[in-house]
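The values are calculated or read from the model by the stated rules, or taken from the named source; none is laboratory data. Model, not experiment: these values are computed from the prediction. Reconstructed Cβ throughout: ideal geometry from the backbone, glycine too, with neighbour counts over all protein chains shown. SASA here: full protein model, heavy atoms, side chains in, ligands and nucleic acids out. Shrake-Rupley method; radii C 1.70, N 1.55, O 1.52, S 1.80 Å.
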Amino acid sequence: MPDTVCIEMRGISKHFGTVAANENANLEVKRGEIHALLGENGSGKSTLMNMLAGIYSPDSGTIKIEGEEKTFASPHDSIAAGIGMVHQHFKLVEVMTAAENISAGSEKGLFRSPKKIAKKISDICTKYGLDVDSQKKVYNMSVGEKQTIEIVKMLYRGASMFILDEPTAVLTPQEADILFDILRNMKKQGCAIIIITHKLNEVMEISDRVTVLRAGETIATVNTCETNPQQLTEMMVGKPVELKITREEPKRSEAPVLEIENLSCTTDTGREILNKMSFTVHGGEILGVAGIAGSGQKELCEIIAGMEKASGGSVRFEQEEILGMSPIEILRRGVSMSFVPEDRLGMGLVAGMDITNNVMLRSFQKSKGIFIDIAENRKKAEEIVERYDVSTPSVNHVLRKLSGGNIQKVLLGREVELNPKLLITAYPVRGLDINASYNIYDILNAQKKEGVAILFIGEDLDVLLALCDRLLVMHDGAVMDIVDPKTVTKEEVGLLMLGHHPEKEEK
């Protein structure tokens, strides 16, 4: 069974206008294997998988499932063929139970038997070694539990071939270990699993084979045990790349640039999002923030930037209180702050505008008159495209037509080029390939050398521990601890992220 090919994509090409997303791409996946799909941003990984999932149709080429040629006109056709896709952003209804989410759209007829649904879910969990509370509401679940529900949902629909898009992006190390155990059990049961990921350490740990794409084409498929991260990176990029994050000793400013004291945030319904958070960020240092998704990271950043209201506490920039000010008021006070938000297009950029106009958004805010030098902003946009290696036909290209990674480069480039004293970055490398990610780490280190205070919200613990000078760990809106990345372990950070503080619990 392990040598049986169940997915075969040959000569796949897909064009969007004049842009070739895939050109003669090939992929072969066997039963009972975990197959990693690697490539830089814009290499065609997502497009290739979207064609397998029935979201797009190829311009040319063939897709065979179990040796039979298939044409997928919709995701329904792909699901019917036994293919399930678990997206990075889960597609669950928060107010429904696990059982309701799993069975939604699968049971025919007006009347559904809760007992039969629960029995079917229980049988799936027993077979694959999964742990699911059928009656638990999604809004009460951890990120890892939600991901398990997505996997069970696909198994419930009869899937035996799976596509997982960045499956560990928001998981703690402990949750990632649980996921890997699940995938290994699925592999033993004959499932074929494709993982799209940028984390090479995970590729080496969990996959059996790796297919590398570059510029829409398949470069190679190799056995994981016969390669290494350096070789895989060179295949992705097309040239040798040094995979090393440097962390020079910080030259911290004596006085903090940013002071947070007893910062709290409560929703209109009374739910506490931030609970009396206190910390400082000094010039010339990178303070990392780790926490499971939904621990209050988003609200913390937005309160500092003036985009969200706090219910109490203090936010001081160079000893001046700025809590309660709007972003425009903060700017007019001369506060030198840049913010790279988690929501790139919803908050940071305008999807329907071109690169030049998106760069001009910040220039317009700083302009004292009604006139803006368009030529100067176009030149600035061109400098950002070149310096941050943005893949685009021109600075007049509409932003939404760029890949997610290139959109992120535009946003980060615009904010860094403002020469801020405080740089707040929320998941700045999310969706970026490994080469682009390391470029971003170099940029952040360069800003640190310039004396910038950097608040770095991250999700990859390996990166947080290698890049940051101090690491603040959040759980449920509170500061669990601020630790030294040079001495703490990933496992210790993971426990703090889950709300466990071993030293305090011992007392």
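Solvent-accessible surface of protein heavy atoms, probed at 1.4 angstrom with all chains present, puts D469, D131 in the order D131, D469, largest first. In the chain, the longest principal axis of the Cα atoms and the axis of helix 143-156 are about 20 degrees apart. Dividing the mean sequence gap of close Cα pairs (under 8 Å, 6+ apart) by how many residues the chain holds gives a relative contact order of 16 percent. Across every direction, the projection of the convex hull enclosing the Cα atoms of region 284-367 has a mean area of 7.0 nm². Counting only Cα atoms, region 384-424 measures 32, 17, 14 Å along its principal axes, largest extent leading. When Rg and Dmax are taken over the Cα atoms of region 140-294, they come to 21.0, 61 Å. Among the GluC sites (Glu not before Pro) in region 193-270, those located in a DSSP loop and surrounded by at most 11 other Cβ atoms within 10 Å of their own Cβ are E242, E248, E254. Given q = 0.16, 0.17 Å⁻¹, what are the Debye log10 I(q)/I(0) values for region 215-371, with equal point scatterers placed on the Cα positions and solvent ignored? Debye curve over Cα of region 215-371, log10 I(q)/I(0) at q = 0.16, 0.17 Å⁻¹: -1.05, -1.11.
Translational diffusion coefficient of region 50-95 (Stokes-Einstein, Kirkwood radius from Cα pairs, 25 °C, 0.890 mPa s): 211 µm²/s. Which net charge results for the neighbourhood of G84, defined as the other residues with beta-carbon distances under 14 angstrom from its beta-carbon, given Lys and Arg at +1 and Asp and Glu at -1? Residues close to G84 contribute a combined charge of 0. Dipole magnitude for the chain: computed about the Cα centre from +1 point charges on Lys and Arg Cβ and -1 point charges on Asp and Glu Cβ, it is near 1180 debye.
When Rg and the Kirkwood radius Rh are both evaluated on Cα atoms of region 1-117, their ratio Rg/Rh stands at 1.04.
Qualifying trypsin sites (Lys or Arg not before Pro) in region 99-185, where qualification requires a DSSP coil assignment and no more than 11 other C-beta atoms within 10 Å, comprise K108.
Within a Cβ distance under 9 Å of T4, other residues only, what is the Lys/Arg minus Asp/Glu net charge? Neighbourhood net charge equals 0. Classification of region 113-187 by its C-alpha gyration tensor yields an oblate form. The axis ratio a/c (a ≥ b ≥ c) is 1.5 or more, and b/c is at least a/b.
Sorted largest first, the spans of the alpha carbon positions of region 225-310 along the three principal axes are 54, 37, 22 Å. Loop-resident trypsin sites (Lys or Arg not before Pro) (DSSP state other than H, G, I, E or B) in region 213-260 with no more than 11 further Cβ atoms inside 10 Å of their Cβ: K244. If you look at the Cα atoms of the chain, you get an Rg and a Dmax of 23.8, 71 Å. Convex hull over the Cα atoms of region 139-226, averaged projected area in nm²? Over every viewing direction, the Cα hull of region 139-226 projects on average to 6.9 nm². When all protein chains stay in place and ligands, DNA and RNA are ignored, the 1.4 Å accessible-area order of M480, M307, M497, largest first, is M307, M480, M497. Taking a ≥ b ≥ c as the square roots of the eigenvalues of the alpha carbon gyration tensor, region 371-483 is prolate, as a/c is not under 1.5 and a/b beats b/c. The apolar share of the surface of the chain, taken as the fraction of accessible area on carbon and sulfur atoms (1.4 Å probe, ligands and nucleic acids excluded), comes to 48 percent. Globularity index of region 204-265 is 1.97 (Cα radius of gyration / 2.2 N^0.38 Å, N = number of residues).
The heavy atoms of F16 offer some 90 square angstrom of accessible surface to a 1.4 angstrom probe.
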